[in-house]
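The values are calculated or read from the model by the stated rules, or taken from the named source; none is laboratory data. Bear in mind the structure is a predicted one, so any value in this text is a computation, not a measurement. Positions of Cβ are generated from backbone atoms using ideal geometry, with glycine treated the same way; all protein chains shown enter the neighbour counts. We work out accessible area using only protein heavy atoms, side chains counted, and drop any ligands, DNA or RNA first. Shrake-Rupley method; radii C 1.70, N 1.55, O 1.52, S 1.80 Å.
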Amino acid sequence: MTEPAIELQGAERFGVAQDSRVAAIRWDVLPWGLVLDLDSPLSEAPDTELRRVWLCFHGLGAVTWPFQEARIPTGCWIVVEFPMGTTSAGLLSYSFSTALPVGATGALVLRDVAQDVVEIQAQGFSVLASRESAPPNEQGHLDWETRTRLASDASFVDALRRSAR
């Protein structure tokens with residue numbers, strides 16, 4: 001049987017978050033961890049299909065996410081994914097620039113770099129993705145039913161367990 005969610009390895013896991021929508025920030029999946037649940041485009045082509053991706057941060061050290069004046073009714077977007085580094089404490093440092101809906105209208109605004117960079121520090125990092133993809137809806141993302149049809153939360157947790165072996 002083909003599993004609906006798989007772990008991405010090596011180079012295929014880097015850059016997967018570029019132009020993705022962060023649909024959910026999950027604290028309930030990994031002990032001492034964080035999961036970013038994404039709608040991730042298959043390519044940079046217009047109207048490309050999306051797949052569901054989990055960025056998993058194991059042994060979370062710190063999270064810096066500037067939400068000042070942000071309104072996030074439908075998530076925020078990862079605009080630029082920066083190369084992963086290592087902190088002086090030996091933690092992995094993952095960072096990206098975001099586009100957040102801001103102000104009364106909720107318009108997407110690119111702010112200066114100091115205001116829009118997210119940094120997550122953790123002991124480990126893994127990436128899971130749905131095997132299947134689907135076209136975006138009229139808002140440019142996946143609705144809940146489509147996301148869970150591509151790969152359920154349970155299938156992602158199963159993939160996490162398989163990768164831990």
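What's the number of the only condition in (1) surrounded by 15 or more Cβ atoms within 10 Å (Cβ to Cβ); (2) assigned to a loop (DSSP other than H, G, I, E, B); (3) not basic (Lys, Arg) that LEU38 fails to meet?
(2)
Between a residue in region 62-79 that is open to solvent by 40 Å² or more (accessible area, probe 1.4 Å) and at pLDDT 85 or above and any residue that is in a strand (DSSP E or B) and aromatic (Phe, Trp, Tyr), which pairs come within a Cβ distance under 6 Å, given they are 6 or more apart or on different chains?
Listed by first residue and then by second, the contacts come to nothing, as the list is empty.
Has region 8-31 got at least one residue that is in contact with a Ser or Thr (Cβ under 6 Å, 6 or more places away or on another chain), in a strand (DSSP E or B) and either open to solvent by less than 10 Å² (accessible area, probe 1.4 Å) or of a type in the set (S, T, N, Q) (or both)?
No, the conditions are met nowhere in region 8-31.
From (1) open to solvent by 30 Å² or more (accessible area, probe 1.4 Å); (2) at pLDDT 95 or above; (3) in a strand (DSSP E or B), pick out the condition that doesn't hold for GLU132.
(3)
Provide a single number: the residues in region 135-165 that are farther than 13 Å from ARG52 by Cα, open to solvent by less than 50 Å² (accessible area, probe 1.4 Å) and assigned to a loop (DSSP other than H, G, I, E, B).
Qualifying residue count for the region: 2.
Every residue in region 41-57 that is in contact (Cβ under 8 Å) with a residue 24 or more places away in the chain and open to solvent by 60 Å² or more (accessible area, probe 1.4 Å), please.
Correct list: LEU42, GLU44, ASP47, GLU49.
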